[in-house]
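The values are calculated or read from the model by the stated rules, or taken from the named source; none is laboratory data. This structure is a prediction, so every number in the text was calculated from the model and none was measured. Here the Cβ positions follow ideal geometry from the backbone for every residue, glycine too, while neighbour counts run over all protein chains shown. Ligands, DNA and RNA are excluded from the accessible area calculation, which covers all protein heavy atoms including side chains. Shrake-Rupley method; radii C 1.70, N 1.55, O 1.52, S 1.80 Å.
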Amino acid sequence: MLRTDCRTIYEELSEFVAVPANVKGLVIGKKGSTIKDIQEKTGAKIDQTDKNATQSGFYVWGNEDQRAQARKLINQKVVRDCLRKVYKSYCSK
C-alpha cells in the first residue's frame, strides 16, 4: 500500500509539459540559462526528456502553483520564439 501512496504523491507533484523537439533548445537556452531562470522564478524542478523519448518536452516537479507558473513560462517561451521565427521568415520574403 505504501508504494501506491508514494506513487500517488509523486504523480500529484509532477507533470509533463510537451514541447516540440525542434524548439526545446529555445526553452533550455544558452548553457541552460533560460531553464535555470524559469526554475529560479517558479521554485519548480525541471528536467528535459532525453532524445529517445516518445514525447519531447519537460518534466516539472513542485507544488501546484510552482508547476502552473513553470508551465506558463515554458509555453510563453515556445510561443514567443515560434512567432518570432514565423515573423522573420514571412518578412524576409
Inset, instruction - Search region 62-74 for residues being open to solvent by 60 Å² or more (accessible area, probe 1.4 Å) and not basic (K, R), and hand back the single one that is modelled with the highest pLDDT. - result: Q69
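From the list K41, K77, which one is touching a residue at least 24 places away in the same chain (Cβ under 8 Å) and open to solvent by 100 Å² or more (accessible area, probe 1.4 Å)?
Numbers: K77 fails: open to solvent by 100 Å² or more (accessible area, probe 1.4 Å).
Just a single option satisfies the conditions, and that option is K41.
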Legend entry - Scan of region 10-34 for residues that are in contact with a strand residue (DSSP E or B) (Cβ under 6 Å, 6 or more places away or on another chain) and free of Cβ contacts under 8 Å to residues at least 40 places away in the same chain, ordered by number: A18
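Of the residues that sit in region 30-62 and are outside any loop (DSSP other than H, G, I, E, B) and among the β-branched types (V, I, T), which one is nearest to L73 (Cα to Cα)?
Taking region 30-62 as the starting set, the residues that turn out to be outside any loop (DSSP other than H, G, I, E, B) are 30-42, 45-48, 57-61.
From what is left, the residues that are among the β-branched types (V, I, T) are 34-35, 38, 42, 46, 60.
Values: T34: 10, I35: 10, I38: 7, T42: 9, I46: 12, V60: 12 Å.
Out of the qualifying residues, it is I38.
Here's the yes/no breakdown for (1) open to solvent by less than 60 Å² (accessible area, probe 1.4 Å); (2) at pLDDT 80 or above; (3) over 12 Å from the mean Cα position of the chain (by Cα):
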{"position": "E11", "(1), (2), (3)": "no, no, yes"}
{"position": "P20", "(1), (2), (3)": "no, yes, no"}
{"position": "G25", "(1), (2), (3)": "yes, yes, no"}
{"position": "I28", "(1), (2), (3)": "yes, yes, no"}
{"position": "T34", "(1), (2), (3)": "yes, yes, no"}
{"position": "N52", "(1), (2), (3)": "no, no, yes"}
{"position": "G57", "(1), (2), (3)": "yes, yes, no"}
